[in-house]
1. Looking only at the range A:297-320, how many residues end up being among the hydroxyl-bearing types (S, T, Y) and either at positive phi or assigned to a strand (DSSP E or B) (or both)?
2. Got a number for residues in the range A:137-152 being touching a Phe, Trp or Tyr at 6+ places or on another chain (Cβ under 8 Å) and either surrounded by 22 or more Cβ atoms within 10 Å (Cβ to Cβ) or in contact (Cβ under 8 Å) with a residue 60 or more places away in the chain (or both)?
3. Scan the range A:94-104 and tell me whether some residue there is out of contact with any Lys or Arg (no Cβ under 7 Å at 6 or more places or on another chain), closer than 23 Å to A:T280 by Cα and assigned to a strand (DSSP E or B).
4. In this structure, does B:S226 turn out to be within 14 Å of another protein chain (Cβ to nearest Cβ), part of a helix (DSSP H, G or I) and at pLDDT 90 or above?
5. May I ask you to say which residue of B:S115, B:S135, B:S84 is in the same structural domain as B:D246 (by TED's automatic domain parsing), in a helix (DSSP H, G or I), over 14 Å from B:I236 (Cα atoms) and among the small types (G, A, S)?
6. Scan the range A:86-119 for residues that are surrounded by fewer than 16 Cβ atoms within 10 Å (Cβ to Cβ) and either among the aliphatic types (A, V, I, L, M) or outside the structural domain of A:D69 (by TED's automatic domain parsing) (or both) and jot them down.
7. Restricted to the range B:255-295, and to residues that are free of Cβ contacts under 8 Å to residues at least 24 places away in the same chain and basic (K, R), which residue is farthest from the other protein chains (Cβ to nearest Cβ)?
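The values are calculated or read from the model by the stated rules, or taken from the named source; none is laboratory data. It should be emphasised that the depicted structure is a prediction, and the values quoted were computed from it without experimental measurement. So basically every Cβ, Gly included, is an ideal-geometry build from the backbone, and we count neighbours across all protein chains shown.
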Amino acid sequence: MRARTFAAQFMLSVIAVGLAGSARAADFDWKKFQGKTVDFLANSNPISQALLTHKADFEKLTGITLKVDTYQEQQMRQRLVTVMNAHSDEVDVFMTLPSREGEQFAAAGWYADLTPMTKNEVAPDYDYAGLSPALLKAATYNGKLTSMPMNIEGPVIYYRTDIFKKCGVDQPKTIADVEAAAKKVKACDPSITPFVSRGLKPALPYTFSNFLHNMGGSYMVGGKSALCSPKDKAALDTYSRLLRDYGPPGVVNYSFPQISALYRAGRAAMDFEASNELRTVMEGGARLKDTAIIPLPAGDGGQVPTTIGWGITVSAYSKQPDAAWYFVQWATSPAVQKLMAVQGIAPPRSSVANDPTYRKWIDEQPVRKEWQAALDVLAAKGTSEVGYPIVANPESREFIGQAVQNLILKQKTVDQACAEADKGIDALISQK
Amino acid sequence: MAEAADTTAQDRQRQELAALSAPAVIFTVAMIAFPLVYTVWLSFQSFSATGRESVVGFANYARLISDNEFWHGLWVTLVLYVSSLVLQLVFGVWLALVLFHSRRLSGVVRSLFISPFMMPPVVAGLMWLVILDPSLGAANYILTSLGLPPSDWLASPTFVIPTVALIDTWQWTPYVALIVLGGLQSLPPSVYEAAQIDGASGFKTFRRITLPLLLPTIVTATILRSVDLLRFFDIIYITTQGGPGDASNTLNIYGFRVGFEFFNIGYASALMLTLTAIVLGAVLAFNRLRGAVVW
């Protein structure tokens, strides 16, 4: 009798919670903040460009006016630093890169805590559980969820199948194969740049980190910088040698605009760049039929691709965080991420990745299938460690970039370059 | 009595003028003084990547002295300043003479000559970044077509400073030329008539008459360009971001990165105030020189 009463009570409480949940969902009203204006600080990259093509849809759905301030990435951060240091409410929502500044901004208290918002004020079809757990974890600091993922991305190799065929090169299966392929292409066709990737100092840690992890290296060991460990030195040597011996002239100034332009123009055989450069690389259609895409092949450390995602978040100083959250959840909803997916922005949701419309878009071109297959590897095996896992991550990237550039320009030996970097980074670590 | 009444009326007029212009003066002083005072205050603070920490007195300035990057940045700034200034003054005077003497040049040609300095520095930087790309740029294409070896231009630690100096010279020579042209047009024709009567050659006329008389104008142009060149930023930020390595890392670029990328606002403020002091020192020095050469 007591057991039956307990079971009944238990069932009643379950039903009550369920009813409360569906009552909350049923209560959800997109027009709740109609008439308000939300200020959005965006980074001008393919992700925001894809999102903002649907800006009018958001405004029509909610009645909220969206004011957008768009800058190039570095200028966006500078504006953000100015606004946040002043504790200003002029920005309600901004884009953020947790792998770069997440720890820093979280420690500075610049992110609103999105955890309660994801529970209390969310549309019934939002599907929070469908978001990539890895990306949500990467955006969580001290138990607080600080941003919602907008995309999933990482560096992949775009390579020319026709040049490989002409030069008798097979698809690389290891990092050593990548170098061997570059060597063969150089001998076969000197007019083509065999390999291009980032050489610009602040930008190269993004691509270098994949080499480091695949070759079994690690930025920190025992709380100290480990760039002079054997595996880290091997990674520095390999990455810089690929760019120095097989990269284009002037590679030390190359970041994604120059790299994508070179590959799209047909002047490079292998391009190791971000997966969301797909749209840029395929612009004009010249590379649609002669490009294959793979993640960076395994090294001694296996295959540990760099996997990051841009996030969108609410400012801790916003005077209307709830209205701002409406924009954030709309921007990261399954429906909107589906629309962005067919513009080449890889979705951080498996439901969208398996959506029939998206799959149809993927199946239209073989290169898109390969792109998705590479992204599946990134999603399954990736790490979001780009640069040192410390609060001063952006400053740590300077030392990594300087070490690689010293080697590309033959200004220092590997031992000298790594020692100088270790010294600088250990000083940075000890400041904390 | 009449004089006393006049003096009172003048005093009243002066007071009225002061009262009317006071809001504008107060606003201007506030807009200049407040940021400066606030930056000085910031330079005595320490900031970490997560925000303001504490008052540290002169520690940021002491750090400057032992910071190799500061001295390197200062060296790059001075090399760029001297090379760019010399080129712009020489070519600026030459262009001014061309524009002054070639009265038959059409307005279109004149406009083309002076158009570079009307271009925003960001646009100029992006344009030259594309032209000087070692793989895809027109510059190397032209060089190789002429049988000459290509260059790494902005990607070469050796050539990056001369290349940036040339880009800045391309953009700002017309500005110097316009200032010097104004000076040329104000020179008294009587000295040239006297020189002609005395049978002086063109070169002697230029060396003994035109150049000395133009000195005040040239010094004015030097002052105006010095303020910009010592704060060299736009072209470098767009094209190299201080690279390759730190070969083009001027003081302004370094301070900007310390402040806005590493969030060390305190040290960045100290760096920028030091640069401001250098610029002010240069302006004061050239002002004294101007006083010495005025005729």
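1. Adding up the residues that qualify gives 3.
2. Of the residues in the range A:137-152, 5 are touching a Phe, Trp or Tyr at 6+ places or on another chain (Cβ under 8 Å) and either surrounded by 22 or more Cβ atoms within 10 Å (Cβ to Cβ) or in contact (Cβ under 8 Å) with a residue 60 or more places away in the chain (or both).
3. The answer is yes; a qualifying residue exists.
4. No, not satisfied.
5. Answer to the selection: B:S115.
6. Hit for the range A:86-119 is A:A86, nothing else.
7. Among those residues, the one meeting the criterion is B:R288.
Residue-wise test of (1) without any contact (Cβ under 8 Å) to a residue 24 or more places away in the chain; (2) among the small types (G, A, S).
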| position | (1), (2) |
| --- | --- |
| B:F70 | no, no |
| B:Y81 | no, no |
| B:V86 | yes, no |
| B:L97 | no, no |
| B:A124 | no, yes |
